[in-house]
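The values are calculated or read from the model by the stated rules, or taken from the named source; none is laboratory data. Computed from a predicted model, the values in this text were never measured in an experiment. Every residue, glycine among them, receives a Cβ derived from its backbone with ideal geometry; neighbour counts consider all protein chains shown.
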Amino acid sequence: MARVSIKDVAQKANVSTATVSHVLNGTRFVAESTTKRVQEAMKHLGYTPNFAAKTLRSQKTSTIGLIVPDIGNHFFTSVVKEIEAVLGQHAYQLLVGNTDESLDIERKKIQAFISQQVSGLIIASSAENYNEISDDIPADMPVVLIDRLPQDTPRSSIVVDNEKGVQEAVEKLIKGGHREIGLITGIDTLSTTKERAAGYKAALAHHQIPYKEALVFNGDSKFESGYMGCEHLLQTTGITALFVTNNLMSIGAMTYLKSFQYSIPHDMAFIGFDDYKWAEITSPPLTVIKQPVEQIGTTAAQELLEQIHAGQPRQKAFRFETELVCRASHA
């Protein structure tokens with residue numbers, strides 16, 4: 001059976017072969033109705049792009065490398081899904097690498113993806129400064145950094161306003177009458193950790209509440225450190241409220257509180273970071289800071305594609321707002 005060609009798709013969709021090519025490669029704007037018609041024609045005919053031929057012509061593959069620090073973290077899983085959805089519309093395949101928050105593994109993943117001739121990279125980096133990974137990335141490689149923003153980054157980035165979001169959440173606890181508020185943070189070299197800790201401090205300062213180092217537990221963004229951090233703070237301080245800076249540590253802290261039969265919010269008010277279905281079905285449902293996951297993933301993919309089509313990288317900063325989703329755990 002003969003392989004379905006781009007010409008067959010063009011005839012089926014009643015467009016030119018150039019239009020089909022633009023839809024496949026994203027090299028020019030095509031009206032949404034036309035794009036949909038081309039995609040339906042490809043699906044009907046069973047057309048699959050010839051990536052091997054394209055690679056031989058361009059020395060680049062139609063693949064994107066995506067590097068995340070913890071694929072077990074639902075935030076990153078959700079972002080991966082959104083990125084893949086956009087790239088798939090433009091016939092790009094996604095390769096995902098997990099680093100387990102190891103900078104050494106991150107560098108090896110970058111090197112591996114470069115050797116596979118990916119067209120671009122999206123990275124949630126564990127580096128504190130961009131120069132820790134810059135030698136591994138060609139200067140002309142399209143790159144987008146997401147979630148974390150290493151210092152001195154000359155590349156495009158997609159982040160949220162962590163400080164503002166956390167300040168609003170901690171002020172909600174303060175307005176509820178709490179003065180001894182515990183904080184469980186992530187890896188202290190990450191920009192997200194620094195910004196969220198700054199938001200906590202800003203809320204205290206705004207209400208003339210002294211900052212106490214003893215009320216802060218530095219974790220590693222994993223379930224276990226949420227559990228241990230909660231245990232430590234409850235055994236060594238008199239906190240009446242707790243703010244936890246990521247979802248895995250929130251689960252760990254909640255597990256500890258439930259295991260020792262703390263009543264939430266009566267014994268301990270609680271606010272976490274990141275909103276997922278599990279936060280709605282806990283008893284009580286959790287108040288959380290919600291990140292715009294769909295916007296982060298979609299923008300990251302679109303920004304990378306624009307760099308690829310322009311034939312050069314760039315530095316463009318995106319910073320999105322968070323939303324405080326109030327439920328029953330913070331009163």
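Summary of values
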quantity: Answer from Ile209, Ile187 - the residue that is crowded, with 17+ Cβ neighbours inside 10 Å and either on the phi > 0 side of the Ramachandran plot or not assigned by TED's automatic domain parsing to the domain that holds Pro69 (or both); calculated: Ile187
quantity: Qualifying residues in segment 214-228 (those that are in contact (Cβ under 8 Å) with a residue 24 or more places away in the chain and in a helix (DSSP H, G or I)) - the one surrounded by the most Cβ atoms within 10 Å (Cβ to Cβ); calculated: Gly226
quantity: Among residues of segment 229-247, those that are assigned to a helix (DSSP H, G or I) and either buried (at least 18 other Cβ atoms within 10 Å of the Cβ) or under 31 Å from the mean Cα position of the chain (by Cα) (or both), counted; calculated: 7
quantity: Answer from Glu101, Glu163 - the residue that is outside any helix (DSSP H, G or I) and under 26 Å from Ile271 (Cα atoms); calculated: Glu101
quantity: Any hit, segment 261-278, residues being in a helix (DSSP H, G or I) and in contact with a strand residue (DSSP E or B) (Cβ under 7 Å, 6 or more places away or on another chain); calculated: no
quantity: Residue, nearest to Ser78 (Cα to Cα), within segment 104-125, restricted to residues that are in contact with a helix residue (DSSP H, G or I) (Cβ under 6 Å, 6 or more places away or on another chain) and not in a helix (DSSP H, G or I); calculated: Ile122
quantity: Checklist (1) surrounded by 14 or more Cβ atoms within 10 Å (Cβ to Cβ); (2) outside the structural domain of Lys108 (by TED's automatic domain parsing); (3) at pLDDT 85 or above; (4) not in a loop (DSSP other than H, G, I, E, B) applied to Val15, failing item; calculated: (4)
quantity: Unique match (being in a helix (DSSP H, G or I) and modelled with pLDDT of 90 or more) among Val23, Val86; calculated: Val86
